[in-house]
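The values are calculated or read from the model by the stated rules, or taken from the named source; none is laboratory data. These figures come from a predicted structure and were not determined experimentally. Please note: Cβ atoms are built from the backbone with ideal geometry, for glycine as well, and neighbour counts cover all protein chains shown. Just so you know, the surface numbers come from the protein's heavy atoms only, side chains and all, with ligands and any DNA or RNA stripped out. Shrake-Rupley method; radii C 1.70, N 1.55, O 1.52, S 1.80 Å.
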Amino acid sequence: MKSKQYFPLFVDISDKKIVVVGAGKIAARRVKTLVDFGAAIVVVAPQISPELEQLEQEHKITLIRREYQREDIYDAWMVLAVTDNEKLNEEIYSVAKCLGALVNVASNQKKCDFHFPGIIKNESYVVGINGGGQNHHGVAVLRGKVEKCLEDWEEHEE
């Protein structure tokens, strides 16, 4: 079966409210990807990873240290459900969709309006690579090759 391909859409997320429910390794990785693009990121979780604690100390994100409440996502532009509770992720998905927010449920590809690409970013370029959620290794390999290409290009430009 052929995997679904996603259209690459580059959007300005500066100052857009993005609510992340969950604060584990996947949440931290996604927040670290988003933080460089100027979004207003709010993470809601009772337990917070040290990486996210550090980002709060640097005033790059806001942490809400408690269980998720439906009101947390009422004014969100984007919602990421990255908890290890499938039922809670389903509830977050349903509410976010009703509110018109973009939503990504880390544990269920069918509940995603978008996928997180492998990001390569420097002063001049942003490159996103996506394997449709099927080929994570291939995306990692391609990302390494593109990074090398950009490094070579920058050296050539100097």
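Descriptive notes on the structure:
- For the stretch 76-89, the set of residues classified as assigned to a loop (DSSP other than H, G, I, E, B) and out of contact with any Lys or Arg (no Cβ under 6 Å at 6 or more places or on another chain) consists of Val82, Thr83, Asp84, Asn85, listed by residue number.
- Checking each residue of the stretch 14-36 against the condition of being without any contact (Cβ under 8 Å) to a residue 12 or more places away in the chain, under 15 Å from the mean Cα position of the chain (by Cα) and closer than 23 Å to Ile119 by Cα gives at least one match.
- Qualifying residues in the stretch 141-158 (those that are open to solvent by less than 80 Å² (accessible area, probe 1.4 Å) and among the acidic types (Asp, Glu)) - the one modelled with the lowest pLDDT: Glu154
Yes or no, residue by residue, for (1) among the small types (Gly, Ala, Ser); (2) open to solvent by 50 Å² or more (accessible area, probe 1.4 Å):
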{"site": "Phe10", "(1), (2)": "no, yes"}
{"site": "Ala23", "(1), (2)": "yes, no"}
{"site": "Arg29", "(1), (2)": "no, yes"}
{"site": "Leu34", "(1), (2)": "no, no"}
{"site": "Phe37", "(1), (2)": "no, yes"}
{"site": "Leu52", "(1), (2)": "no, no"}
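- Residue in the stretch 33-45 that is at pLDDT 95 or above and not aliphatic (A, V, I, L, M) present: no
- Complete set of residues in the stretch 100-140 that are farther than 23 Å from Asp36 by Cα and either open to solvent by 40 Å² or more (accessible area, probe 1.4 Å) or at pLDDT 85 or above (or both): Gly100, Ser107, Asn108, Gln109, Lys110, Lys111, Gln134, Asn135, His137
- Within the stretch 90-122, the residues that satisfy the criterion of being farther than 21 Å from Gln5 by Cβ, assigned to a helix (DSSP H, G or I) and free of Cβ contacts under 8 Å to residues at least 40 places away in the same chain are Glu90, Glu91, Tyr93, Ser94, Val95, Ala96, Lys97, Cys98, Leu99.
- Members of the stretch 49-75 found to be of a type outside the set (D, E, K, R) and either assigned to a strand (DSSP E or B) or within 17 Å of the chain's Cα centre (by Cα) (or both), listed by number: Ser49, Leu52, Leu55, Ile61, Thr62, Leu63, Ile64, Ile73
- Selection status of Pro46, part of a loop (DSSP other than H, G, I, E, B), closer than 18 Å to Asp72 by Cα and either over 14 Å from the mean Cα position of the chain (by Cα) or aliphatic (A, V, I, L, M) (or both): yes
- Scanning the stretch 71-85 for residues that are charged (D, E, K, R) and either without any contact (Cβ under 8 Å) to a residue 12 or more places away in the chain or exposed (fewer than 12 other Cβ atoms within 10 Å of the Cβ) (or both) yields Glu71, Asp75, Asp84.
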